[in-house]
Amino acid sequence: MKTYLSTLSLAVGCLLSAGAVQAKTDLNIQRFFGACEAEYGQSTDVASSSGECGIMTTLLNKFDKENPDIEVHVSTVEWPGYDQLTAQMASRTPPDVVTMHNSVISDYQSRNLIVPIDDFLTTANIDKSTFTPTATNGVTREGHFYGLPIDTWTMLFHINMDLMKQAKLVDDAGNAILPNSPEELLAQAKQFKDATGKPYFIQILSNETAAYARMFYTYMFQQNSGFFDDANKISLQTPEAKNIVNLFKTIYEQNLTTKNMDYPATVSAFSNGQGGILLNGNWLLGTYDEQSHQESSPLYNSYDVAPYPMLFDGAKAHYVDGHSWVVPNQRRSDEKDAAIAKLFKFFADNDIEWSRTGHLPSVASVLDDDQFLSLPHRQEILSITQTGRGLPAGVKRQWAIQDIIGEELAAAIMGNKPVDEALADAESRINDMLANL
């Protein structure tokens, strides 16, 4: 009997010991950027991946493979996933790490739903000076980092150079001639329309509010408007706001832009050469660059890109946002904290891979890396890392604000509401919302 018990104790001890050796730390990661498991689900070849989904998937696969002590569980949510995240937090079952737009951070940080990541950075030996000023501003609240910056993104002029040549809007060096004032914008748009018979702009004007709001922010910044000097109150009944709305209202009325197109329709229209300049994000760089190397494409050898031009004499500025990893507020083990720190270190070290998506790097040293600078069209948009700014960090409900501004601007520009009334309504709706948080 003693022998049996000794043998049993030894066996149990071996099993427990083996279990301890094999124990892994579970790390639950939740992200957007789409699902592409069929193509990249098993791949760790980051260099061969492409697009936001492909690069994100292979990066996480590689992190999982390189850290056998961590069991990575990835949940992909339908963009942007905030309703699901809020529900998870309400039920106290949030993920360990989750992707978040910088413009949304204040909504969660102000309610203590996410935690500062300064200690994770210290554990991972990541100095805050690693990141660009634009990326740093995007995640800093009350002196602390509330997210690991992944990138900076903005809206761009995607340009059909063949049509610009037809309109004689290309200089001797082969660069597109872009406007430097509202008056030049209207004149060039008319010149383009007269020469090509096509609209100067391709814009998202159906089932979309964000595009107008992002454009509006850029040109308010460029007029030195203090429209959000008070983070709890917006001022929109101003000459600066009217300048922008009246300019794009004129463009609409004079048929210098496409009309009634939703997001997919505009992306397709630009691919098919139906207009001169598409107003859309840097995430389309790769798609259009690829098309520009296909002989059958209307963009063949005819694609370029530029930041939104400086139309006013104020600040040299562009509205930007970014993506970050944030950590929900919940009890965590030391092992879990160590795993999160490893994840952050991995993404900071692989920022150059993520920059292939078309988003701008968050790590400052990548901006000087020859590998990054050799990527198509990166030189043209590098200035945004210096001119980029978001709304003030204290502004909450930025996505709801974006929707309201987009709705009211669209109503004014399309002639469904007087400009003054639209701006007054936008101001009132936003301030009512902010006053009742």
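The values are calculated or read from the model by the stated rules, or taken from the named source; none is laboratory data. In this text the structure is predicted, and so the values were computed from the model without any measurement. Note: ideal-geometry Cβ built from the backbone for every residue, glycine included; neighbour counts use all protein chains shown. Areas reflect the complete protein model, heavy atoms only, side chains present, ligands, DNA and RNA absent. Shrake-Rupley method; radii C 1.70, N 1.55, O 1.52, S 1.80 Å.
Look at segment 213-232 and say how many of its residues are surrounded by 14 or more Cβ atoms within 10 Å (Cβ to Cβ) and either free of Cβ contacts under 8 Å to residues at least 40 places away in the same chain or touching a helix residue (DSSP H, G or I) at 6+ places or on another chain (Cβ under 8 Å) (or both). I'd like the intermediate steps shown before the answer.
First, the residues of segment 213-232 that are surrounded by 14 or more Cβ atoms within 10 Å (Cβ to Cβ): 213-223, 225, 227-228, 230-231.
When the remaining residues are screened for being either free of Cβ contacts under 8 Å to residues at least 40 places away in the same chain or touching a helix residue (DSSP H, G or I) at 6+ places or on another chain (Cβ under 8 Å) (or both), the result is 213-216, 219-220, 223, 225, 227, 230.
The total comes to 10.
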Legend entry - Residues (crowded, with 17+ Cβ neighbours inside 10 Å and closer than 22 Å to Trp283 by Cβ) located in segment 27-45: Ile29, Gln30, Arg31, Phe32, Phe33, Cys36, Tyr40
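Go through segment 274-326 and report how many residues are hydroxyl-bearing (Ser, Thr, Tyr) and at pLDDT below 95.
So in segment 274-326, the residues hydroxyl-bearing (Ser, Thr, Tyr) come out as 287-288, 292, 296-297, 300, 302-303, 308, 319, 324.
So of that shortlist, the ones also at pLDDT below 95 come out as 287.
Within segment 274-326, residues that are hydroxyl-bearing (Ser, Thr, Tyr) and at pLDDT below 95 number 1.
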Inset, instruction - Considering only segment 309-422, give the helices (runs of 4 or more DSSP H) lying wholly within it that have at least 3 residues that are among the aliphatic types (A, V, I, L, M). - result: 334-349, 398-413
Inset, instruction - Please give the number of the condition Ala317 fails out of (1) within 23 Å of Pro80 (Cα to Cα); (2) open to solvent by less than 10 Å² (accessible area, probe 1.4 Å); (3) of a type outside the set (Ser, Thr, Tyr). - result: (1)
Legend entry - Flag if Ala435 is surrounded by fewer than 19 Cβ atoms within 10 Å (Cβ to Cβ), modelled with pLDDT of 95 or more and either out of contact with any Leu (no Cβ under 7 Å at 6 or more places or on another chain) or closer than 28 Å to Thr152 by Cα (or both): yes
Inset, instruction - Give the residue that is surrounded by the most Cβ atoms within 10 Å (Cβ to Cβ), with candidates limited to residues of segment 414-432 that are aliphatic (A, V, I, L, M) and more than 20 Å from Gln398 (Cβ to Cβ). - result: Val419
Inset, instruction - Just give me the residues in segment 196-229 being within 15 Å of Gln254 (Cα to Cα) and of a type in the set (Gly, Ala, Ser), in sequence order. - result: Gly197
Inset, instruction - Among the residues of segment 327-356, count how many are touching a residue at least 12 places away in the same chain (Cβ under 8 Å) and open to solvent by 10 Å² or more (accessible area, probe 1.4 Å). - result: 17
Inset, instruction - Scan segment 64-80 and report the pairs whose first residue is under 17 Å from Ala339 (Cα atoms) and whose second residue is assigned to a strand (DSSP E or B) and acidic (Asp, Glu), with Cβ atoms within less than 7 Å and a gap of 6+ or a chain change. - result: Glu71/Asp26; His73/Asp26
Inset, instruction - Determine the pairs where a residue that is in contact (Cβ under 8 Å) with a residue 60 or more places away in the chain and within 19 Å of Thr357 (Cβ to Cβ), located within segment 267-284, has a partner that is open to solvent by 20 Å² or more (accessible area, probe 1.4 Å) and among the small types (Gly, Ala, Ser) with Cβ atoms under 6 Å apart, the partner being 6 or more residues away or on another chain. - result: none
Inset, instruction - Give, as residue ranges, the helices (runs of 4 or more DSSP H) completely inside segment 46-139 that count at least 1 residues that are open to solvent by 30 Å² or more (accessible area, probe 1.4 Å) and β-branched (Val, Ile, Thr). - result: 82-90, 118-123, 133-139
Legend entry - Subset of segment 140-184 (residues that are farther than 19 Å from Asp119 by Cα, among the small types (Gly, Ala, Ser) and surrounded by fewer than 19 Cβ atoms within 10 Å (Cβ to Cβ)): Ala173, Gly174, Ser181
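Could you tell me whether any residue of segment 394-404 is at positive phi and open to solvent by 20 Å² or more (accessible area, probe 1.4 Å)? Lay out the reasoning, then the answer.
Kept after step one, since they are at positive phi, are these residues of segment 394-404: 397.
When the remaining residues are screened for being open to solvent by 20 Å² or more (accessible area, probe 1.4 Å), the result is 397.
Within segment 394-404 (the criterion being at positive phi and open to solvent by 20 Å² or more (accessible area, probe 1.4 Å)), the answer is yes, since at least one residue qualifies.
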Legend entry - Wholly within segment 152-269, helices (runs of 4 or more DSSP H) carrying at least 1 residues that are over 24 Å from Trp283 (Cβ atoms): 161-166, 182-196, 239-253
